[in-house]
Amino acid sequence: MKIIIHRYNSICEPDLIEAFRACGITVIEERIEMEQKSISASERIRSLSELILTHQASFVFSVNFFPYISEICQRLHVLYVALSVDCPVLELFSSAIRNSCNRIFLFDHTQYERFQPENPGGIFYLPLATNVDRWERTLSSLSEKDRKPYDCTISFVGSLYKEKSPLAGLALDDFHRGYADGIMEAQMQVPEYSLLEESLTPSLIEAIRQADSSFYRLPDAFENTDSFVAANYYLGMQVSSLERIRTLAQVGQEFPVDLYTRSDTSDLAHVPGIRCRGGATTHTEMPRIFSSSKINLNITMHSIRSGLSQRIWDILGCGGFLITNYQSEIPEYFTVGEDLECYENTAELLDKIAYYLDHEDERLQIAEQGLRKVKERHTYIHRACQMMQVLFPEAF
C-alpha cells in the first residue's frame with residue numbers, strides 16, 4: 001500500500017511516518033510547504049494534485065485538517081485522512097468537512113460530538129499517542145552527567161499562552177472588559193463545565209471583533225463561527241493563561257518548580273519557588289526533563305474539553321511521573337493512582353505533591369506502570385493500525 005503525506009513541519013509528522021512504515025506502508029512525502037514557505041495556493045494545489053495522479057496512492061494523509069486538500073481529494077476521487085492533534089481547530093467549520101472523501105480523526109470526544117453530525121461516515125474519534133521507541137532511543141544514550149542538569153523536583157514544560165491570548169491587548173470599553181473578565185473568572189470556578197461560548201452576548205462578540213482587525217472568519221464556514229472564535233481564541237486562551245500562571249504560582253509558593261517555557265514569565269517573577277529555565281527542545285531536552293523530574297505537571301488548555309493533551313502521553317512515554325488536572329476521558333485509558341495522578345483543584349494538587357514527594361517508591365511504581373501501559377496500547381503504531389482498521393476493515 002502506498003500513501004501520500006502532506007508535510008508542513010508538525011512535530012508529529014516524523015512519528016506518524018515511522019508508524020505507517022512499521023505497518024508495511026510505503027510513504028511518499030509531499031514537502032513543498034516545508035521547503036517553500038511563500039508558496040502560492042495555486043502551486044500548492046498543483047504540486048499535491050500531480051503527486052496523487054502520478055502515484056495512485058490509497059489515500060492522502062495530513063496532521064490536522066486542510067480544507068483545500070479535502071477539495072483536491074474529492075475531485076480526484078481519493079480518500080483524505082486527517083489526524084487532528086490540535087484543539088480548537090477553526091478549519092473544522094469549513095464546508096469541506098462534509099466531503100465524502102474525508103476520514104477525519106479527532107482526539108477530543110467533546111469536539112468529535114460537535115462535528116461528527118456534519119459527516120457521520122467520515123469523522124471518527126481517536127486519542128493521541130506517543131512514540132515510546134523514540135524516547136527510549138534518546139534516553140538510553142544519556143549518561144548521569146547528561147541527565148543531571150534536568151533533575152527537577154517539580155517541572156512544567158509548555159506555553160503560558162500569554163503570547164497566544166490577544167484579548168488582554170484589545171481596546172475594549174469598561175463594560176465589555178468587565179463582562180469578559182466576569183465570564184472568565186466564572187469559568188475558572190467550574191473547569192469541568194464549558195460556559196464561555198454560551199455566555200457570550202452578541203454585543204461582546206461584536207466588541208471583540210471590532211477591536212481586532214485580525215479577527216478571523218472562515219470564508220466557507222457552514223455556520224457563523226464568531227462565537228466559537230471569540231470563546232476559544234480570545235477568552236479561552238486567556239483562561240488557559242490565567243489557569244497556568246495561577247496554578248504554578250500557588251505550587252511555587254510551597255515547592256521548587258522548574259518552568260520550561262518561551263512565554264513571558266514576568267507574572268511569576270515574584271514567586272520564590274519558581275525557576276524559569278527558558279524553552280526546551282521537543283525531541284532532545286523535553287524527554288530528559290520528563291524522565292528526570294520527580295513530578296511532572298500537566299495543566300490542560302481550556303479548549304481541550306474532555307480529551308488528553310499531547311503532554312500527558314509524552315510524559316508517560318518517557319517514564320515520567322505525572323500529576324494532571326482531571327479530564328473526563330482519562331479513566332477510559334488509565335487508572336488514576338496506578339498509572340498517573342489527577343487533581344481537581346489547587347488544594348488537592350498541593351496535597352498530592354506533598355504526598356508523592358514523601359512516598360518515592362509509590363511514585364516510581366506509578367511512573368513505571370504508566371510507561372508500561374502506553375508502550376503496550378498507546379503508541380503511534382497502535383494509532384496507525386487503528387486508523388487503517390477504520391479505513392480498510394477487511395485488510396487490517
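The values are calculated or read from the model by the stated rules, or taken from the named source; none is laboratory data. Treat the numbers as computed from the prediction; the structure is a model and nothing was measured. A quick note on method: Cβ atoms are made from the backbone with ideal geometry, for glycine too, and the neighbour counts reach across all protein chains shown. Calculation scope for accessible area: heavy atoms of the full protein, side chains included, ligands and nucleic acids excluded. Shrake-Rupley method; radii C 1.70, N 1.55, O 1.52, S 1.80 Å.
Tell me which residues, restricted to the stretch 303-318, are over 10 Å from the mean Cα position of the chain (by Cα) and touching a residue at least 60 places away in the same chain (Cβ under 8 Å).
305, 306, 313, 314, 316, 317, 318
Between a residue in the stretch 23-39 that is among the polar types (S, T, N, Q) and any residue that is open to solvent by 40 Å² or more (accessible area, probe 1.4 Å) and assigned to a strand (DSSP E or B), which pairs come within a Cβ distance under 7 Å, given they are 6 or more apart or on different chains?
26/2
Taking residue 16 as the residue in question, decide whether it is in contact with a Lys or Arg (Cβ under 9 Å, 6 or more places away or on another chain), on the phi < 0 side of the Ramachandran plot and touching a residue at least 60 places away in the same chain (Cβ under 8 Å).
Details: in contact with a Lys or Arg (Cβ under 9 Å, 6 or more places away or on another chain): yes; on the phi < 0 side of the Ramachandran plot: yes; touching a residue at least 60 places away in the same chain (Cβ under 8 Å): yes.
Judged against the criteria, residue 16 is a match.
Being in contact (Cβ under 8 Å) with a residue 24 or more places away in the chain and open to solvent by less than 30 Å² (accessible area, probe 1.4 Å) is the requirement here; does residue 342 meet it?
Working: in contact (Cβ under 8 Å) with a residue 24 or more places away in the chain: no; open to solvent by less than 30 Å² (accessible area, probe 1.4 Å): yes.
In short, no.
Filter the stretch 151-180 down to the residues that are closer than 30 Å to residue 296 by Cα, open to solvent by 50 Å² or more (accessible area, probe 1.4 Å) and either without any contact (Cβ under 8 Å) to a residue 24 or more places away in the chain or outside any helix (DSSP H, G or I) (or both) and list them by number.
If the condition is that a residue be closer than 30 Å to residue 296 by Cα, open to solvent by 50 Å² or more (accessible area, probe 1.4 Å) and either without any contact (Cβ under 8 Å) to a residue 24 or more places away in the chain or outside any helix (DSSP H, G or I) (or both), then 151, 162, 163, 164 are the ones that fit.
For residue 394, indicate whether it is over 21 Å from residue 287 (Cα atoms), acidic (Asp, Glu) and either in contact with a Gly (Cβ under 7 Å, 6 or more places away or on another chain) or at pLDDT 95 or above (or both). Outline the logic, then answer.
Details: over 21 Å from residue 287 (Cα atoms): yes; acidic (Asp, Glu): yes; either in contact with a Gly (Cβ under 7 Å, 6 or more places away or on another chain) or at pLDDT 95 or above (or both): no.
Spelling it out, it is not the case that residue 394 is over 21 Å from residue 287 (Cα atoms), acidic (Asp, Glu) and either in contact with a Gly (Cβ under 7 Å, 6 or more places away or on another chain) or at pLDDT 95 or above (or both).
Being more than 27 Å from residue 232 (Cα to Cα) and not small (Gly, Ala, Ser) is true for just one of 139, 83. Which residue is that?
Working: 83 fails: more than 27 Å from residue 232 (Cα to Cα).
None of the others qualify; the one that does is 139.
When you scan the stretch 183-210, how many residues do you find that are modelled with pLDDT of 95 or more, assigned to a helix (DSSP H, G or I) and open to solvent by 40 Å² or more (accessible area, probe 1.4 Å)?
Residues meeting the conditions: 9.
Restricting to the stretch 7-48, name every residue that is part of a strand (DSSP E or B) and either among the β-branched types (Val, Ile, Thr) or surrounded by fewer than 18 Cβ atoms within 10 Å (Cβ to Cβ) (or both). Lay out the reasoning, then the answer.
The initial filter retains those residues of the stretch 7-48 that are part of a strand (DSSP E or B), namely 26-30.
The answer is 26, 27, 28, 29.
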